[in-house]
Amino acid sequence: TGATTLVLDVHTSTGFRFFALDYNPVDDLFYGYTEYGDSGLYSINIDTGVMTKLAGTIPAANGQGRGMAVGNNTVYLTATRGDDVAKYRDDK
């Protein structure tokens with residue numbers, strides 16, 4: 001089905017709930033977008049558990065990102081309702 005669950009034990013005091021995840025085989029990292037804890041876009045090393053914040057909340061009225069794709073050294077995110085931004089692009 002393509003369904004997957006990512007469980008990380010990163011020992012932080014901040015909760016994370018990723019609404020969008022994608023894996024990039026080029027750099028062997030997951031990329032995730034969360035609205036909980038310190039909202040934003042993160043790279044996630046599944047071997048070490050290291051998470052690095054790359055960007056803050058997407059510039060949309062609701063700040064909720066759900067659709068994600070990674071390719072060509074770029075992370076693409078879409079807002080839930082497409083309110084004031086069609087897509088947000090973060091060049092890694």
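Residues of the stretch 28-51 being assigned to a strand (DSSP E or B) and of a type in the set (V, I, T), which ones?
Step one: list which residues in the stretch 28-51 are assigned to a strand (DSSP E or B), which gives 29-34, 40-44, 51.
Matches in the stretch 28-51: T34, I44.
Which is under 13 Å from the mean Cα position of the chain (by Cα) and either modelled with pLDDT of 85 or more or open to solvent by less than 20 Å² (accessible area, probe 1.4 Å) (or both), of T57, T74? Spell out the reasoning first.
Values: T57 fails: either modelled with pLDDT of 85 or more or open to solvent by less than 20 Å² (accessible area, probe 1.4 Å) (or both).
Residue meeting the stated conditions: T74.
Considering only residues that are more than 16 Å from G71 (Cα to Cα) and open to solvent by 60 Å² or more (accessible area, probe 1.4 Å), which ones fall in the stretch 17-36?
First pass over the stretch 17-36, keeping only residues more than 16 Å from G71 (Cα to Cα): 17-19, 34-36.
Scanning the stretch 17-36 gives R17, Y36.
The values are calculated or read from the model by the stated rules, or taken from the named source; none is laboratory data. Note that the structure is predicted; figures quoted are calculated from it, not measured. Only protein heavy atoms, including side chains, enter the accessible area calculation; ligands, DNA and RNA are left aside. Shrake-Rupley method; radii C 1.70, N 1.55, O 1.52, S 1.80 Å.
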